[in-house]
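Below is one structure; the comments refer to it alone.
The values are calculated or read from the model by the stated rules, or taken from the named source; none is laboratory data. On a predicted model such as this, the values are computed, not experimentally measured, just so you know. Cβ atoms come from the backbone with ideal geometry, glycine included; neighbour counts cover every protein chain shown. Heads up: the accessible areas ignore ligands, DNA and RNA and are worked out on the full protein's heavy atoms, side chains in. Shrake-Rupley method; radii C 1.70, N 1.55, O 1.52, S 1.80 Å.
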Amino acid sequence: MVIEEIIVAPPGSAEVRVKIICTSLCHSDVTFWKLKDPPGFVPRILGHEAVGIVESVGEDVQEFSEGDTVIPIFLPDCTECADCTSKKSNLCSKFPFEVSPWLHRDGTSRFTDLKGETLYHFLFVSSFSEYTVLNTANVTKVDPAIPPNRACLLSCGVSTGVGAAWRTANVEAGSTVVIFGLGAIGLAVAEGARLCGAKKIIGVDINPQKFETGKIFGVTDFVDSRNCGDKSLRQVINEITNGGADYCFECVGMASLVEEAYACCRKGWGKTVVLGVDKPGAELKFSSFEVLHFGKTITGSLFGGLKPKSDISTLVKRYMDKELQLDEFVTHEVGFEDINKAFDLLLEGKSLRCVIWMDK
C-alpha cells in the first residue's frame, strides 16, 4: 500500500461523506489486492470494514445527519425494494451487489489523485482513506457508545460469521455444527453457533493451534484435516456426529471443501452454508442421486444473511450487553502509517483482525 494525498469529492445526491475513525483488515482486501485482472482494478482504495462519523450529507438525505456514528456496509440495504422489505432475503434488488470500482447510481468515482486521475472504489466503501463517500444504502447508524475498535468488526467479517449461524442457518439449541476453516469468519460462525445454543461445534483446519483459539468462541472438538489416518475427512466427521452434522459451514473458499462439507451433513435435514470466496470460475459438482435421495440443503450466505440496517444494531446491543464476543477477535492494532504491517500480520497468519486507527 502507498499512502498519498488525494481529493475526496463532496457527497452527491443520496450520499454521505464519512470521516473514518478506524478500519480493520479483512482477507477479502488481500484477495483483491492480488488480482491483476477485473474485478481487480488499480489504482484502488481498498478497505471495507470500518466505523466513522458523518462529515457531510448530500441532497435528498433524510436518514443521516452530520455527527452520526455510522458503519459502512458493502452489502446495500435500500429498505424499499421487494428484497429489502422481505424477511426472506438480504440481497437488495435496487442496488444489486457487485464488486464494482464505482459508486451506485451514476457509476463514477468520488476519488481523484492530485493530478486529477481517477482512483477506484472498493465494495462501495473504500475505508483505507481518512474520508470516503458512500451511498446511503451502504451505511447504517449505530450507538456511538460502542468502542470504534470493536464497532468496525461488525462491518463485515464477524457479522458475516455470526449471521450465517443466526440468520442463514437458524441453528437450533442442541444441534451439531461443523466449521471448515477457523479463520476469523469460521470463528465468528462458532461464536454465532454458541449464541444459538449449539451442543457440539467441531472445527476443521490444517493448523491444530487453531483449536485453542476456537475454544474461546465455543469450539468443542477439533479435526486436523491433514491427519485423518486411513480414513477420509468425511468419514471422521460422520463418525463424530453419528451420521452427519445438522449444519456445516465452509469458510475457506474451496470448491472441494464445499463438496466435503455437503458430504458431512446429515441426510434428511443437513444444511451446508457457503461463506468462503473461491477463485473466479470455480464450479461445484454433486451427484444427482445424492441430491435427490439424501434431502440435504446447500446455500450461500452473503453477509451472513443479515439485513444491515436492522441486524447490526442488534449485534451492537448484544456486544454492549456482554453477550457477543468481539474483543477476542482483535489481535493487533496499528496506526494508519503502519497499514502494510497489518497486511504482513494477516499474510503470516498471525492476526485474526488487525484494527487500523486513522489517527492514533
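Here are the numbers for this structure:
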| item | result |
| --- | --- |
| Tally of residues being under 16 Å from VAL223 (Cβ atoms) and either basic (Lys, Arg) or part of a loop (DSSP other than H, G, I, E, B) (or both) across the stretch 199-209 | 5 |
| Qualifying position, being farther than 26 Å from GLU4 by Cα, open to solvent by 10 Å² or more (accessible area, probe 1.4 Å) and not polar (S, T, N, Q), among ASP143, ASP113 | ASP143 |
| Residues of the stretch 116-136 that turn out to be more than 24 Å from ASP338 (Cα to Cα) and buried (at least 24 other Cβ atoms within 10 Å of the Cβ), as a count | 2 |
| Filtered residues of the stretch 24-58 (kept if at pLDDT below 95, under 20 Å from HIS104 (Cβ atoms) and either of a type in the set (Phe, Trp, Tyr) or open to solvent by 50 Å² or more (accessible area, probe 1.4 Å) (or both)) | PHE32, PRO38, PHE41 |
| Contacts under 9 angstrom Cβ, first residue in the stretch 210-236 being under 20 Å from VAL258 (Cβ atoms) and in a loop (DSSP other than H, G, I, E, B), partner β-branched (Val, Ile, Thr) and open to solvent by less than 50 Å² (accessible area, probe 1.4 Å), 6 or more apart | SER225/VAL204; SER225/VAL236; CYS228/VAL236 |
| Residues of the stretch 157-194 classified as within 25 Å of HIS332 (Cα to Cα), at pLDDT 95 or above and outside any helix (DSSP H, G or I), total | 4 |
| Yes/no for GLU98 being open to solvent by 70 Å² or more (accessible area, probe 1.4 Å), part of a loop (DSSP other than H, G, I, E, B) and modelled with pLDDT of 95 or more | no |
| Top-ranked residue in the stretch 237-253 [being of a type in the set (Asp, Glu) and in contact (Cβ under 8 Å) with a residue 40 or more places away in the chain; ranked as nearest to SER301 (Cα to Cα)] | GLU250 |
| Selection from the stretch 257-280 of residues that are open to solvent by 40 Å² or more (accessible area, probe 1.4 Å) and modelled with pLDDT of 95 or more | GLU259, ARG266, LYS267, GLY268, TRP269, LYS271 |
